[in-house]
């Protein structure tokens with residue numbers, strides 16, 4: 001009963017994670033999350049029992065497909081680097097969604113309203129007389145007609161990526177004990193492709209296959225618990241009968 005319960009608990013966590021992957025299959029720059037399992041041994045010899053435990057989750061860093069849009073403010077990352085944003089709450093977070101826009105104050109922002117940060121950690125703003133975006137080069141340098149180079153979009157390497165926390169919309173936040181010094185550094189190997197966006201690296205067909213496998217495993221686990229419960233019930237009934 002306890003072994004089956006441990007498996008059911010682990011499957012429930014994996015189900016939640018897979019459902020979140022499927023829900024974000026169309027979120028630009030989203031990275032899928034995976035769960036690893038391990039065994040936990042209790043007792044020794046013939047009384048040894050092996051339980052299932054969900055060990056840890058990890059971020060799938062695989063590159064998503066790049067789609068051409070033609071929009072000058074759409075940019076895709078090719079490599080392992082990350083954009084840096086400042087949220088409306090003032091938090092510094094990271095993501096790969098490059099669907100940018102310019103707000104009414106001339107700030108470069110994401111679709112969520114987060115400010116896009118430059119390679120120095122500052123917010124990117126355009127002069128009031130900027131005629132239009134001309135080029136965003138591979139290294140992130142933004143040049144505008146009549147204004148020359150304006151800023152350079154920050155592309156950051158996150159060496160401790162797996163410890164970061166998801167906060168929605170494909171964004172990641174440094175762990176609580178590492179805020180303010182996330183270990184992020186400038187990534188010079190990742191390039192920007194203007195006029196394109198990176199799709200989610202989640203493959204819906206594979207995720208649905210995982211869901212089916214999890215459902216079957218869940219049913220087997222429940223069947224084992226039901227069988228054990230029936231055996232106990234029959235045992236109690238036999239014990240309670242007069243001789």
For the stretch 83-188, the Rg and Dmax computed from alpha carbons only, in angstrom:
14.1, 45
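Take peptides 91-103, 185-197 and line them up by average Cβ neighbours within 10 Å, highest first, as a rough protection proxy.
91-103, 185-197
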To the nearest Å, what is the center-to-center distance of the stretch 109-127 and the stretch 219-240, using C-alpha atoms only?
61
All Cα pairs of the chain, percent lying beyond 30 Å
43
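Shape verdict for the stretch 53-129, please, from the Cα gyration tensor: rounded (a/c under 1.5), prolate (a/b greater than b/c) or oblate.
Judged from the Cα gyration tensor, the stretch 53-129 comes out oblate (a/c at least 1.5, b/c at or above a/b).
Given the -39500 (n - 2.57) contribution per DSSP H run of 4+ residues, what per-residue ellipticity at 222 nm results for the chain, rounded to the nearest 500 deg cm²/dmol? It would help to have the intermediate numbers written out before the result.
Numbers: 2 runs with 59 residues, N = 243.
Mean residue ellipticity at 222 nm (helix-derived): -9000 deg cm²/dmol.
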Just to be sure I understand the model, the point goes 7 Å from the Cα along the line to the Cβ. What's the resulting residue 78 to residue 12 distance in nm?
4.6
Folded to 0 to 90 degrees: helix 2-23 orientation relative to the chain principal axis, Cα:
20
Just rank 69, 27, fewest to most, by other beta-carbon atoms within 10 angstrom.
69, 27
As I understand it, the value is the acute angle between the Cα axis of helix 204-240 and the longest principal axis of the Cα atoms of the chain; what does it come to in degrees, rounded to 10?
20
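Rule-based calculations on the coordinates, nothing more; no lab input. This one's a predicted model, so the numbers in the text were calculated from it and none came from an experiment. Counting neighbours? That spans all protein chains shown, and the Cβs are built from the backbone with ideal geometry, glycine included.
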